[in-house]
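Q: Dropping a structure here in structure tokens format, bear with me for questions.
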Amino acid sequence: MNDIGGQTNVPPFPPVYRSSGLLLHVTSLPSPYGIGDVGPSAFSWIDRLQDAGQGWWQALPLGPTGYGNSPYQSLSSFAGNGLLISPDGLIADGLLQASDCESHFASDAVDYESIIPFKQRLLEKAWANFGAGERNDLRPAYDEFCAKQANWLEDYALFRALKAKYSGAYYLEWPEALVRRSPRAVSEARHELERQIDQVRFAQFLLFRQADQIKEYAHAKGVSLIGDLPFFVSPDSSDVWASPELFLLDEQRRPRFVAGVPPDYFSAQGQLWGNPVYNWDALRSTGYRWCLDRLRALLDHVDLIRLDHFRGFAAAWHVPAGAPTAQSGQWVPGPGAGFFEAVKRELGRLPFIAEDLGVITPDVTTLRDQFQVPGTRVLQFAFDGHRDNPYLPENFVPNTVVYTGTHDNAPTRQWYEELPDDQRRNFWSYLKRAPGESAEAAPALTFLAWSSMAALTIAPLQDLLNLGRGTRMNMPGSPNGNWSWRCTENMLSLPAFDWLRELTESSKRSASRGVTIRG
């Protein structure tokens, strides 16, 4: 057994031929409406992936965003982000007119302050038209959707309606009776806000309908979808409001501890995320029912799930609420093997990628390997000069997903420009090449990933396009200025896609070889 880098040489994850794909969040797609969506540009993107021989499209979490517009701080673990609804799709459905959707937004960034009210107006108009009798043929499908998704949709729709009523305030700032979900207060709110609740339900119906079309189209083109499941949930979410018993909260329903990580590569003081932590005893007593429902909800839309912060299943960093930094936290055991055994019994498979970055201890690698979940390797972390560095390709095992960088990294071109001189030398030495320019770094790192033994290789679109400063998706630990980058239409016709197809074929990763997902 090969134990280099802490991962045993187990067979590749769900039987997959050598394959590859690109990382691009839906919000980053081109569109005339200020933000990417699941409309025509998503279909065109799938065509582009197929043409380039790619078998996978990986996106970031798709839930409704709250604080900082972060997809990792969703207002619900089950709902979708209404900003991703395609206006073109609503026009095609006869729920909007083209004149309703006229807009003038920048093409290279998302301006959330402008986009949110614009999209809200469109959804209000579509709901009004539906209520007035437009597309009555959709009524049975809408009613069926509401009934099928009622276990989360009813709480989420009321949560969003109440949030709107109280001007977006954190739910703990609502009247006490609503915070504690007094049956009488909840019943009165449902009656008072009936129209607003129906509109939230309808928006989710529209989004799920469009998302189903995207998944069907991707599969027809030989492209599979990788989703991303945040480990924690937002403190201001319908999850915590509706199921407080599943979290470690005090008598006022405020978190007793919040999530984070100790000092690491990204932050000298650690990262203080602020999410409530789980009451694993309570979850275990239900057979992890809520967790299983959460997984099923995402698997309705994707084929494989990246488990963000995988190490939290072994142990998570609990920081006392109110602490100024994450440094005062401590490791607290997670659900461990019992959780994955429950998932395997329920789903019959473990369709996961483990995001096992950061401070990784032996219990994490043991848990990962016990269930043969593929680990994550990021090439930007590889060139510190140590030959036993687990991110060097020579230390990979097949059961690995390798990235040039992730949404939390700088684009490789910028990464190289900021790299210390000794690591630059290590980089070129490893490649057995004379030192080059920053423009050569991303193609070189992509070639290294694609030629590795890893079963699956992924590059952010920024790296394929050799983009640099100003195109980073997220700066961990920085609450502002993230999640706004977008590609433009002309970027998707660049020769880089031809180069990628040739690289994919020469490295025997072409999607034409076929992708098989167990399940």
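Q: Roughly speaking, to the nearest percent, how much of the chain's 1.4 Å accessible area is carbon and sulfur?
A: Carbon with sulfur: 50 percent of the solvent-accessible area.
Q: While we're looking at this one, here's another question. Based only on the alpha carbon positions, what is the Kirkwood hydrodynamic radius of the stretch 22-178, in angstrom?
A: Numbers: mean 1/r = 0.0574 Å⁻¹.
It works out to 17.4 Å.
Q: Per residue, how large is the accessible surface of the stretch 145-210? Use a 1.4 angstrom probe and give square angstrom.
A: Dividing the accessible area of the stretch 145-210 by its residue count gives 47 Å².
Q: How large is the translational diffusion coefficient of the stretch 90-216 in µm² per second when you combine the Kirkwood radius over alpha carbon pairs with Stokes-Einstein at 4 °C and 1.567 mPa s? Mind dumping the intermediate values first?
A: Values: Rh = 16.4 Å.
D, rounded to a whole number, is 79 µm²/s.
Q: While we're on this one: Based on the Cβ-Cβ distance from SER114 to ALA268, what FRET efficiency comes out when R0 is 35 Å, to the nearest 0.05?
A: On the way: r = 35 Å, r/R0 = 1.01.
For SER114 and ALA268, the calculated efficiency is 0.50.
Q: In addition: Over the alpha-carbon set of the stretch 24-108, divide Rg by the Kirkwood Rh and report the Rg/Rh ratio to two decimals.
A: Result: Rg/Rh = 0.99.
Q: If we sort 391-399, 80-88, 184-192 on the protection proxy, mean other Cβ atoms within 10 Å, highest first, what's the order?
A: Sorting 391-399, 80-88, 184-192 by mean packing, highest first, produces 80-88, 391-399, 184-192.
Q: Enter the angle in degrees (range 0 to 90, nearest 10) between the Cα long axis of helix 441-450 and the first principal axis of the Cα atoms of the chain, meaning the one along which they spread out most.
A: For 441-450 against the chain, the angle is about 90 degrees.
Q: On to the next question. Please give the FRET efficiency for ALA337 paired with ALA282, using the beta carbon to beta carbon distance and R0 = 25 Å, rounded to the nearest 0.05.
A: FRET efficiency, ALA337 to ALA282: 0.85.
Q: Arranged from highest to lowest average of other beta-carbon atoms within 10 Å per residue, in what order do the peptides 273-279, 213-219 appear? Kindly include the intermediate steps, with their values, before the conclusion.
A: Working: 273-279: 22.1, 213-219: 16.3.
My ranking of the peptides, most packed first, is 273-279, 213-219.
Q: Ok, one more. Between the helical axis of 112-131 and the dominant principal axis of the chain, each derived from Cα atoms, what acute angle in degrees is found, rounded to the nearest 10?
A: Approximately 50 degrees, to the nearest ten.
Q: With a 1.4 Å probe and all protein chains in place, put LYS119, LYS508 in order of accessible area, largest first.
A: Numbers: LYS119 10, LYS508 125 Å².
Largest accessible area first, the residues go LYS508, LYS119.
Q: Can you pull out the GluC sites (Glu not before Pro) in the stretch 402-475 whose DSSP state is coil and whose Cβ has at most 14 other Cβ atoms within 10 Å?
A: Filter output for the stretch 402-475: GLU418, GLU437.
Q: What pairs from LYS148/LYS221; LYS125/LYS221; LYS221/LYS508; LYS163/LYS344; LYS432/LYS508; LYS221/LYS432 go past 27 Å between their alpha carbons?
A: Correct reply: LYS148/LYS221; LYS125/LYS221; LYS163/LYS344; LYS221/LYS432.
Q: GLN327 versus ARG349, label points 7 Å from Cα toward the beta carbon: distance in nm?
A: In this crude label model, GLN327 to ARG349 measures out at 4.7 nm.
Q: Can I ask one more? So, for the stretch 350-508, what is the accessible surface per residue at a probe of 1.4 Å, expressed in square angstrom?
A: On a per-residue basis, 39 Å².
Q: While we're looking at this one, here's another question. So for each of 351-362, 447-458 I average, over its residues, the number of other beta carbons within 10 Å; can you give me the resulting order with the highest mean first?
A: Top to bottom by mean Cβ count within 10 Å: 447-458, 351-362.
Q: With a 1.4 Å probe and all protein chains kept in place, how much accessible area does LEU207 have, in Å² rounded to the nearest 10?
A: 10 Å²
Q: Using only Cα atoms and rounding to the nearest 10 degrees, what angle (0 to 90) does helix 194-220 make with the longest principal axis of the chain?
A: That works out to roughly 30 degrees.
Q: Return the label of the correct value of Rg/Rh (Cα atoms, Kirkwood Rh), as calculated from the structure shown, out of (i) 1.36; (ii) 0.99; (iii) 0.95.
A: Identified label for the calculated read-out: (iii).
Q: Work out, step by step, the length gained on full extension between LYS221 and GLU417: first 0.36 nm times the residue separation, then minus their alpha carbon distance; give nm to one decimal.
A: 66.8 nm
Q: Kirkwood Rh over alpha-carbon pairs of the stretch 343-425, then Stokes-Einstein at 4 °C and 1.567 mPa s: what D in µm² s⁻¹, rounded to an integer?
A: In µm²/s, the coefficient is 90.
The values are calculated or read from the model by the stated rules, or taken from the named source; none is laboratory data. All values reported here derive from a predicted model rather than from experimental measurement. Positions of Cβ are generated from backbone atoms using ideal geometry, with glycine treated the same way; all protein chains shown enter the neighbour counts. Surface accessibility is based on the protein's heavy atoms, side chains included, excluding ligands, DNA and RNA. Shrake-Rupley method; radii C 1.70, N 1.55, O 1.52, S 1.80 Å.
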